[in-house]
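Here the structure comes first, spelled out in structure tokens, and everything after it is commentary.
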Amino acid sequence: MNAPTPLTRARRIVVKVGSALLVDQATGQVNRPWLETLIEDLLRLRERRQQVILVSSGAIALGRRELKLPSGPLQLEQSQAAAAVGQIALAHIYKELLGASGVTVAQVLLTLDDSERRRRYLNARATLSALIDLGALPVINENDTVATTEIRYGDNDRLAARVAQMTSADCLLLLSDVSGLYTADPNLDASARLIPEVREITPQIEAMGGGSASAVGTGGMATKIAAAKIATSAGCAMAIAAGAPLHPVRRVEEGADCTWFLPASNPENARKQWIANSLRPSGSLTIDAGALQALRSGKSLLPAGVTAVSGRFDRGDTVIVLDNTGTEIARGMVAYNDRDAGRLVGKRSADIENLLGFRGRAEMIHRDDLVVTGSP
């Protein structure tokens, strides 16, 4: 029996598939025999009660064939047109293959702004969380039909890492055209050896990234290392593995060559550290003794336990939580702006819709977005 890996232990897994794997370069059509085995692998993960998110390229490659666009680089508007046509074909094949097993498929298109701008980040995270909770399998791609050069990821490796960060995934698997990170380019250096495990991304590791090993797609090894930095800083383990063989995910489970980038902590701890240390507070909430006890027992902060609001902040900003003596107790990402938070002070969650005119979150700060910083 193979030893457990981050893939087999993970609760939530993001799998990234590139255009070169998904689309037959000779015909411009979906490589269906290979894709069917990938879908079988994803279904196996779900049968083990593991949550799965798929980040899939391929829309432009499929669309350019249908539009009969010439080979070679495309102008931005041509890429956007190809993406608009190809995304329909891509969504259709995933719905067909996953739907045959009773799995609901959700198409989610993201741009760089959706992970960099706080409000859009929170909206995207909430949508993905809801889809997963409802049992759907999100299939994510960059929204090439609207993304300009300035707001594009440009490669789905970093998009996949941002999705892993956004959803607090435990494991990110990048299916690539190579088996992992080598000490040198194996196509040029016969002595190059595979690095099976990376625990710290040093300048030496980054220097091994070099350029792209493939003539197709946009993500070379350098972008994969950049993705690893994003993923591991969020507490998510990441693997680079060869994707071309059939059943590519199962092969990793069975011990196929790959490179694992291992984080120093798990997603929950990494997120708590980020909230506690990396985000500048924009305001504060003062709470009563009952709310203080609730926070220390691991519960969320409800409006009823808030006695005062200070500062100017928007939804998703970090605020300090103070006890009635003004001592910092916790920090967290607040679910309301300062104006709405002020109207909810001391109120029941059931009254939020009547007070604000919309149905917001029941919590002022959800426990997943809160870290206790003060001593008990």
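Largest accessible area first, the listed residues 260, 274, 34 line up as 274, 260, 34 when surface is computed with a 1.4 Å probe on the assembled protein chains. At a Förster radius of 25 Å, what calculated FRET efficiency corresponds to the Cβ-Cβ distance of residue 122 and residue 297, to the nearest 0.05? For residue 122 and residue 297, the calculated efficiency is 0.45.
A dipole drawn for segment 1-110 from +1 and -1 charges on Cβ atoms has a positive end, and of 69, 87, 105 the residue lying farthest that way is 105.
Each label was represented as a point 7 Å from its Cα along the Cα-to-Cβ direction; for residue 256 and residue 187 these points are 1.9 nm apart. Once the Cβ-Cβ distance of residue 343 and residue 37 is raised to the sixth power relative to R0 = 45 Å, the FRET efficiency obtained is 0.25.
Using 0.36 nm per residue and subtracting the Cα-Cα separation, the extra length available between residue 325 and residue 200 on full extension is 40.8 nm. Rounded, prolate or oblate: which one fits segment 48-150, using the alpha carbon gyration tensor with axes a ≥ b ≥ c (rounded when a/c is under 1.5, else prolate when a/b beats b/c, else oblate)? In terms of gyration-tensor shape, oblate. A crude spin-label estimate for the pair residue 353 and residue 307, with each label 7 Å from Cα along the Cβ direction, gives 3.1 nm.
Pairs with C-alpha atoms separated by more than 19 Å, drawn from the list 272/347; 68/224; 16/224, are 272/347; 68/224. Across the protein chains, with a 1.4 Å probe defining accessible surface, the residues 131, 285 rank 131, 285 from largest area downward.
Using heavy atoms of the protein chains and a probe of 1.4 Å, the accessible area assigned to residue 333 is about 10 Å². Put simply, the chain fits an ellipsoid with semi-axes of 40, 24, 19 Å; these come from the alpha carbon gyration tensor as the roots of five times its eigenvalues, largest first.
Loop-located trypsin sites (Lys or Arg not before Pro) in segment 8-113 (DSSP state other than H, G, I, E, B) with a sparse environment of at most 10 neighbouring Cβ atoms within 10 Å: 48, 49, 68.
Considering only the chain, what is the antiparallel percent among its DSSP beta bridges, to the nearest 5? Once the DSSP bridges in the chain are tallied, antiparallel ones form about 40 percent.
The values are calculated or read from the model by the stated rules, or taken from the named source; none is laboratory data. Keep in mind that this is a model prediction, so the values were computed, not measured. Don't worry about glycine lacking a Cβ; one is built from the backbone with ideal geometry, like all the others, and counts go over all protein chains shown. To get the accessible areas, we keep the full protein, side chains included, count just its heavy atoms, and leave off ligands, DNA and RNA. Shrake-Rupley method; radii C 1.70, N 1.55, O 1.52, S 1.80 Å.
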